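Below is one structure, written out as structure tokens; the observations come after it.
The values are calculated or read from the model by the stated rules, or taken from the named source; none is laboratory data. Predicted, not measured: the structure shown is a model, and the values here were computed from it. Glycine also receives a Cβ, built like all others from the backbone with ideal geometry; neighbour counts cover every protein chain displayed.
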Amino acid sequence: MKLIADLHIHSVLSPCGDFRMTPCNIVRRVKEVGLNLFSITDHNSIGNLLSFKKVAERENLKFIFGMEVQTEEEVHVLTYFDSYESIRRVWDIIYKKLPAVNNNPDYFGEQILVNENDEIVGFEEKLLLNSVRISVEELAKLVKENRGIAIPAHINSFAFSILTQLGFIPDHNLFSLLEISNKKDAKKLKEKFNFLKNFNFVSFSDAHYLKDIGRSITIFYLEENDDLIFAFNKGKVKIGRLQDDE
């Protein structure tokens, strides 16, 4: 089975996300650009995931539950789970460790909760753009204990990257994949950082706007009986932009 995936997309729940990043709009765009697998990875939150799951099922698209966590080292880590129950257990811990600071919508933007019909059902009051009181290693272990996978995000970025914040990968056994913003950076990164040579890279869009969905993708090849997390850990991935898809 061939899955063309963008697994780093923000919804209207992320205060930095555009107000058009709603379930119906995102799913429509996902289909337009030819993806058949996507995930929503809002900052430190899972509040809109079930709404996206409903729309994805309605449109016969594969969907994986995700969340982007900002650790105490200010490293962004993507986390993925096959079940809502698993990600909910992890999020319960993450939310308690998120500082009790209220969002200022005028400064940071609204944090909007929506249903599967793009209707506003509420607002997240706690500011999601903060570091959680959990380390990179602690987070990766927590995710693994709950049958998920943790992927350090945009490691070639100048901000919130494990390379800029730590300068190394703390425990190679906790990570099987690393995300880069552009596949062209893969060779250069492995030449610069020798310890990256044994890692597989994935690339996603980190879309905050509809137009950016699918600008960078990863193609996953799965056996019919594989679940997605198992397939991730197998490390057989191909990275490319949509126009590079074969």
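The condition (being surrounded by fewer than 20 Cβ atoms within 10 Å (Cβ to Cβ), at pLDDT 95 or above and within 27 Å of residue 18 (Cβ to Cβ)) is satisfied by just one residue among 110, 138: 110. Within this structure, residue 151 fails the test of being modelled with pLDDT of 95 or more, in contact with an Asp or Glu (Cβ under 8 Å, 6 or more places away or on another chain), in a loop (DSSP other than H, G, I, E, B) and surrounded by 15 or more Cβ atoms within 10 Å (Cβ to Cβ).
Out of the residues in region 156-188 that are in contact with a helix residue (DSSP H, G or I) (Cβ under 7 Å, 6 or more places away or on another chain) and among the β-branched types (Val, Ile, Thr), which is nearest to residue 207 (Cα to Cα)? My answer is 180. Among the conditions (1) more than 24 Å from residue 160 (Cβ to Cβ); (2) in contact (Cβ under 8 Å) with a residue 24 or more places away in the chain, the only one that residue 64 does not satisfy is (1). Hey, can you tell me all the residues within region 44-61 that are on the phi > 0 side of the Ramachandran plot and in contact (Cβ under 8 Å) with a residue 40 or more places away in the chain? Of everything in region 44-61, just one residue is on the phi > 0 side of the Ramachandran plot and in contact (Cβ under 8 Å) with a residue 40 or more places away in the chain, namely 44.
Can you pull out the residues in region 113-135 that are surrounded by 15 or more Cβ atoms within 10 Å (Cβ to Cβ), closer than 26 Å to residue 63 by Cβ and not hydrophobic (A, V, I, L, M, F, W, C)? Within region 113-135, 115, 116, 118, 124, 126 meet the criteria. Cβ separations smaller than 8 Å between residues 6+ apart or across chains give no pair from region 98-117 residues that are at positive phi and part of a strand (DSSP E or B) to residues that are at pLDDT 95 or above and buried (at least 17 other Cβ atoms within 10 Å of the Cβ).
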